[in-house]
1. Only one of Leu164, Leu225, Leu189 is among the aliphatic types (A, V, I, L, M) and open to solvent by less than 80 Å² (accessible area, probe 1.4 Å); which?
2. Filter region 102-147 down to the residues that are assigned to a helix (DSSP H, G or I) and within 14 Å of Leu78 (Cβ to Cβ) and list them by number.
3. On the basis of being open to solvent by less than 70 Å² (accessible area, probe 1.4 Å) and of a type outside the set (D, E, K, R), does Leu82 make the cut?
4. Within region 96-125, which residues are of a type outside the set (Lys, Arg), out of contact with any Phe, Trp or Tyr (no Cβ under 7 Å at 6 or more places or on another chain) and within 20 Å of Phe184 (Cβ to Cβ)?
5. Got a number for residues in region 195-207 being within 23 Å of Val157 (Cα to Cα) and either open to solvent by 80 Å² or more (accessible area, probe 1.4 Å) or of a type in the set (A, V, I, L, M, F, W, C) (or both)?
6. Could you please find all residues in region 43-93 being in a helix (DSSP H, G or I) and in contact with a strand residue (DSSP E or B) (Cβ under 7 Å, 6 or more places away or on another chain)?
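The values are calculated or read from the model by the stated rules, or taken from the named source; none is laboratory data. Source: prediction; values computed, not measured. Positions of Cβ are backbone-derived with ideal geometry, glycine not excepted, and every protein chain shown enters the neighbour counts. With ligands, DNA and RNA removed, areas are computed over all heavy atoms of the protein, side chains included. Shrake-Rupley method; radii C 1.70, N 1.55, O 1.52, S 1.80 Å.
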Amino acid sequence: MAATLCGKLLPRAGWLPLTQSVRHGSKAVTRHRKPVHFLKQKLLAVTEYIPPTPAAPPGALAPRVRKTEEESGLAVLLRKDLESLFKEFKMIAVVQNNATNAEDMLLLKHRLKRHNINVKFFPNQVMRSFLNDSKYSNMLPLFIGQTVIFVSKEPKVKEMLQVLRGTPQMVLLGACIENTLLSFQGILLYSRLPSMTTVQGELVSGLTMMTSHTVSLLHRHPAHLSDLLQQYVKQREAGYASEAVRDKDAPKIQEATL
């Protein structure tokens, strides 16, 4: 009897009970670390010690060899063209090209060609290399982005501005007119100046007026002197005539008084 009870109550080897008691209670309290304030994190990052890197011993590193890039034949040819261009043409205007299509560019060239103004295209790299070694180095800030050059042997500024009014995509930045660098405002003031023919006409008229005035001043004193002499001669003749009349009438007057 006891053996049967013990066999029923005591667990067998390798046998698990059908029910298990699970303890439900409060969990253990654990202290969590508070995050560091961001100002303190910044201060720690700034004040963190950075050990210097050890210098390499002499001879450990190979010397750097700088590669010298030679200019291509096309760049040399373009530089020669620029030199002749700045020597021959008196007006060189720099214009910014803001996405002008081929048709508008062809129409613009045709309008400028009527006034003997040509359109030239040069890469900015070639322009900068040329301007660095020339007396036109102040034009370097104008060549940024897509730029076009308008050149003419005579400074035809009014005609260029009239053509550019019809193409708002082309923005005039500056120009070199007769070896003088001008901004956009300077170009506008230059366009308001009279033409060379009118200036020459005014100069000639002023010179002729001055010469005629000088001649009149030179002839004034001799003419005035001759007038004075003629008046003096007339006065002397009138004086002589009056004296002769007096001499003739003197005895008659004496007889009348007697």
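1. Leu164
2. Asn124, Gln125, Val126, Met127, Arg128, Ser129, Phe130, Leu131
3. When the stated conditions are applied, Leu82 passes them.
4. Result: Gln96, Asn97, Asn98, Thr100, Leu108, His115.
5. Of the residues in region 195-207, 6 are within 23 Å of Val157 (Cα to Cα) and either open to solvent by 80 Å² or more (accessible area, probe 1.4 Å) or of a type in the set (A, V, I, L, M, F, W, C) (or both).
6. Of everything in region 43-93, those that are in a helix (DSSP H, G or I) and in contact with a strand residue (DSSP E or B) (Cβ under 7 Å, 6 or more places away or on another chain) turn out to be Leu85, Phe86.
This table checks each residue for (1) among the polar types (S, T, N, Q); (2) under 16 Å from Lys109 (Cα atoms); (3) free of Cβ contacts under 8 Å to residues at least 40 places away in the same chain.
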| position | (1), (2), (3) |
| --- | --- |
| Thr147 | yes, yes, no |
| Ser152 | yes, yes, no |
| Met160 | no, yes, no |
| Arg165 | no, yes, yes |
| Met170 | no, yes, no |
| Ala175 | no, no, no |
| Thr180 | yes, no, yes |
| Gln185 | yes, no, yes |
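So that you can scan it fast, the table gives a plain yes or no per residue for (1) open to solvent by 50 Å² or more (accessible area, probe 1.4 Å); (2) of a type outside the set (A, V, I, L, M, F, W, C):
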position	(1), (2)
Phe121	yes, no
Asp133	yes, yes
Ile144	yes, no
Leu172	no, no
Asn179	yes, yes
Met209	yes, no
